[in-house]
Each structure stands twice: as C-alpha cells, then as structure tokens.
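Below is one structure; the comments refer to it alone.
What follows is calculated from the coordinates using simple rules that are stated; it is not laboratory data. All values reported here derive from a predicted model rather than from experimental measurement. All Cβ positions, glycine included, derive from the backbone under ideal geometry; neighbour counts span all protein chains shown.
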C-alpha cells in the first residue's frame with residue numbers, strides 16, 4: 001500500500017510539472033519560435049566545438065589564449081545566446097539602435113572637441129568649476145619700470161640696506 005501512495009505522489013508531481021511547463025510562456029515561446037531554437041542550437045554547437053578544442057589540448061590555458069578557432073567559436077556562442085536572450089525577453093529589434101549610435105557619436109565628438117580645441121576646453125572648465133580669477137602679479141623685488149627709467153636705474157624711495165641701518 002505504501003508503494004502505491006509513493007507512485008501516486010510521483011505521478012502527481014510529474015503531472016503538475018507538465019501543467020506548469022504547458023502554461024509557462026518561455027516554454028511556449030521555445031516550442032513555437034524556430035529562430036529561438038536555431039539560436040540555442042547554434043550556441044550549443046559552437047560551445048561544444050570550443051570545449052572539444054580546449055579539452056584535447058595539452059595546455060588548456062595556452063589553447064584558450066592563442067587558438068583563433070576557439071575564439072571564433074566562443075564569439076559565435078555568445079552572439080547566439082545574446083540573440084536567444086533577446087528573443088525570450090520580447091525580441092528587441094535591431095532597428096532601435098539608432099538612438100544609441102547617435103549618443104555614442106555625440107560623446108565621441110564632444111571628446112574630440114575637448115581634446116582639439118583649447119577654447120572649448122576652457123569654456124567647459126569654466127562652466128564646471130567657475131571662471132578663473134584674474135589677477136595681476138607685481139614683483140616686490142624689482143622696482144617698477146617707470147621709476148627705473150627716470151632715476152637712471154636707482155630709485156629715490158629705495159630702502160637702505162640692512163647693514164647701513166645698523167651703523168646709524
């Protein structure tokens with residue numbers, strides 16, 4: 001009697017799993033969408049080929065780094081999985097990428113303008129951090145040019161050297 005109950009419970013679990021799979025939208029899309037199945041099949045085949053090349057090599061690390069066929073297979077697998085993922089999420093269309101391209105081109109153009117033009121770079125820095133304070137530097141160690149020209153190089157207001165002040 002106990003084995004009969006166990007079989008009944010196992011059967012109800014399988015039945016429930018089948019019902020859940022029947023009503024799952026991802027499973028339905030996998031059953032109906034030939035392109036999705038083909039993407040998954042292609043990803044699996046490419047990954048299997050890459051694994052075969054890596055596992056039969058003497059040094060898997062070197063094969064993984066140097067073998068162009070492994071790189072190509074892994075890129076194919078990644079591309080196919082990306083396509084399958086997009087299809088499962090709702091099928092993003094490839095024609096909707098124009099906005100992304102315009103933004104990238106704008107950012108690259110702005111970067112080139114900042115690098116190439118000092119005026120643009122100064123305007124951006126002024127906008128971000130505020131205008132740079134203008135100041136005029138005057139040296140205190142040399143006399144002003146007008147006083148040097150009128151007195152022949154000696155200033156009338158020149159201070160006495162420290163040694164002469166101490167003698168007086």
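For region 9-92, the mean projected area of the C-alpha convex hull, equal to one quarter of the hull surface, is 7.9 nm². By other beta-carbon atoms within 10 Å, ranking 85, 55 with the fewest at the front produces 55, 85.
Please list the equivalent ellipsoid semi-axes of region 95-141, computed as the square roots of five times the alpha-carbon gyration tensor eigenvalues, in descending order and whole angstrom. Could the numbers behind the result be given before it?
Working: eigenvalues 310, 22, 5 Å².
Computed over region 95-141, the values are 39, 10, 5 Å.
According to the Kirkwood relation over distinct C-alpha pairs, the hydrodynamic radius of region 18-64 is 13.0 Å.
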